[in-house]
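Have a look at the structure below, then the notes.
Laboratory data are not the source of any read-out in this text; all were calculated from the coordinates shown. Computed from a predicted structure; not experimentally measured. Note that each Cβ is placed from the backbone with ideal geometry, even for glycine, and that neighbours are counted across all protein chains shown.
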Amino acid sequence: MTCVVSKPDVSDLTAAFVGLGAMGAPMAGHWALRGYLKAVWNRTPERAEAFAQEHKVMALQHLQELPSKAKILALCVSRDDDVLMVLETLLEGLTSEHLVIDFSTISPDTSKRAAKRVRGCGADFLDAPVTGGVEGASNATLAIMVGGRLESLEKIRPLLDTIATKIVHMGNVGRGQSAKAVNQVLCAGINEAVTEALAFGHHLGLDMEQVIEAISGGAAGNWFLDKRGKSMIEGRFSPGFKLALHLKDLEIVAALAQDLEITLPLTEATREHYVQLLQQGYGDEDISALYRLKRPS
Ligand code: NAP
């Protein structure tokens, strides 16, 4: 691998996007609409071609071409190894003019490894996991937790403003992912509480649509109940957020908790429930499929 090392300078806000999944496609779509996005690459090329046709940007056949098309290189792929694999292919083309921003949810340590590789080429790296679901990505109302140099965040802020209503700088690389791990613990608990409560209501013989309508506006109301309550009582679990991906996040959380020598009992229970559901073949369903265990039909 050869790369040119000099002082980072990201004055050019042309962007390219890797990973046009449930989150990446709508996020990249906002950048395309504002004229920032020049090129996309997706592992399954048909997805990139369809996106490129709709948004009038380039669909690249080879990932290696990406750095020559744009200065901001965004990733939104599934797991730690996917981020590292994509980066290894990009490294050769990186210069001090590039900024890599990773929206994927991965471990803080992997983000630090990724940043080291990218910075070794003179480019910069931000970990920038997001929350707000596919609805947040579509409606540009995400919250982003950013780790890395503040000056790099400030340079890319105009692009982030097109997809998010909240952007918080958490500190050094990895701190964004640490904050996201906290978010995922909370999501696990909320999923347990909502699925259990709705199953309880079902057993009480209540009209659950009415219950959801009544409690949504009160103290127990929350995003997950609002967005997934109705579909789960109707037995629809299309993602959304794939259960296998939340399980991946809870495994990251478990490793962090182990390092800290603390226990997170509620998160552990959710992790066990997800493993059961995965074994039953529901890993590609939305996390609200937890309802299947609470109210088996
Ligand atoms: P998704 O719909 O499954 O999409 C995953 C994307 O990653 C696809 O474009 C996939 O390509 C690509 N990918 C996977 N492995 C790859 C590899 N080895 N090399 C290159 N590309 C690869 O997942 P998603 O829901 O968009 O989630 C993406 C990330 O955002 C995950 O880290 C997830 O935890 C996080 N996240 C998700 C949500 C949510 O509500 N969905 C919310 C916040 C954060 P193919 O098209 O070829 O499969």
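Charge dipole of region 15-171 (Cα centre as origin; +1 on each Lys and Arg Cβ, -1 on each Asp and Glu Cβ, all else neutral): 280 debye, rounded to the nearest 20. Stretching the chain fully between K230 and L260 yields a gain of 7.0 nm (0.36 nm per residue, less the alpha carbon separation).
Translational diffusion of region 127-217 was estimated from the Stokes-Einstein equation, with Rh taken as the Kirkwood radius over Cα pairs; at 10 °C and 1.306 mPa s the coefficient is 104 µm²/s.
When each of the peptides 135-146, 274-285, 68-79 is scored by the mean number of other C-beta atoms lying within 10 Å of its residues, the order from highest to lowest reads 68-79, 135-146, 274-285.
Taking the average, over residues, of other Cβ atoms within 10 Å as the packing measure, peptides 93-102, 111-120 rank 93-102, 111-120 from highest down.
When both bridge partners sit in the chain, DSSP labels roughly 15% of those beta bridges antiparallel. Contact order for the chain, expressed relative to its length and based on alpha carbon pairs under 8 Å spaced 6+ residues apart, stands at 15 percent.
Its residue count N sets the reference 2.2 N^0.38 Å, and the alpha-carbon radius of gyration of the chain equals 1.04 times that reference. Here the sum of -39500 (n - 2.57) over DSSP H runs of 4 or more residues, divided by the residues of the chain, equals -15500 deg cm²/dmol at 222 nm, to the nearest 500. If only the Cβ of Lys and Arg carry +1 and only the Cβ of Asp and Glu carry -1, the dipole of region 9-77 around its Cα centre is close to 60 debye. Amide H to amide H distances under 5 Å link M58 with A39, V40, where only residues 5 or more positions off or on other chains count and H is placed in the peptide plane. Seen from K230, the other residues with C-beta closer than 15 Å to its C-beta sum to a net charge of -3, counting Lys and Arg as +1 and Asp and Glu as -1. By the equivalent-ellipsoid construction on the alpha carbon gyration tensor, region 15-171 comes out with semi-axes of 20, 19, 14 Å, ordered largest to smallest. Over the Cα atoms of region 178-293, the radius of gyration divided by the Kirkwood radius equals 0.99; this is the Rg/Rh ratio. Given R0 = 35 Å, the distance between the Cβ atoms of F200 and L33 translates into a calculated FRET efficiency of 0.20. The mean sequence distance of close C-alpha pairs (under 8 Å, at least 6 residues apart), as a share of the length of region 178-293, puts its relative contact order at 37 percent. Taking θ as phi - 60° and the Karplus parameters 6.51, -1.76 and 1.60, the scalar couplings of region 126-134 work out to 10, 8, 9, x, 10, 9, x, x, 5 Hz in sequence order, x denoting glycine and proline. Can you tell me which lysines have their Cα less than 17 Å from the Cα of K155? Leave out same-chain residues fewer than eight positions away. Within reach: K7, K71, K166. Here's the picture: charge each Lys and Arg Cβ at +1 and each Asp and Glu Cβ at -1 in the chain, and of I156, L264, G29 the one pushed furthest to the positive end of that dipole is I156.
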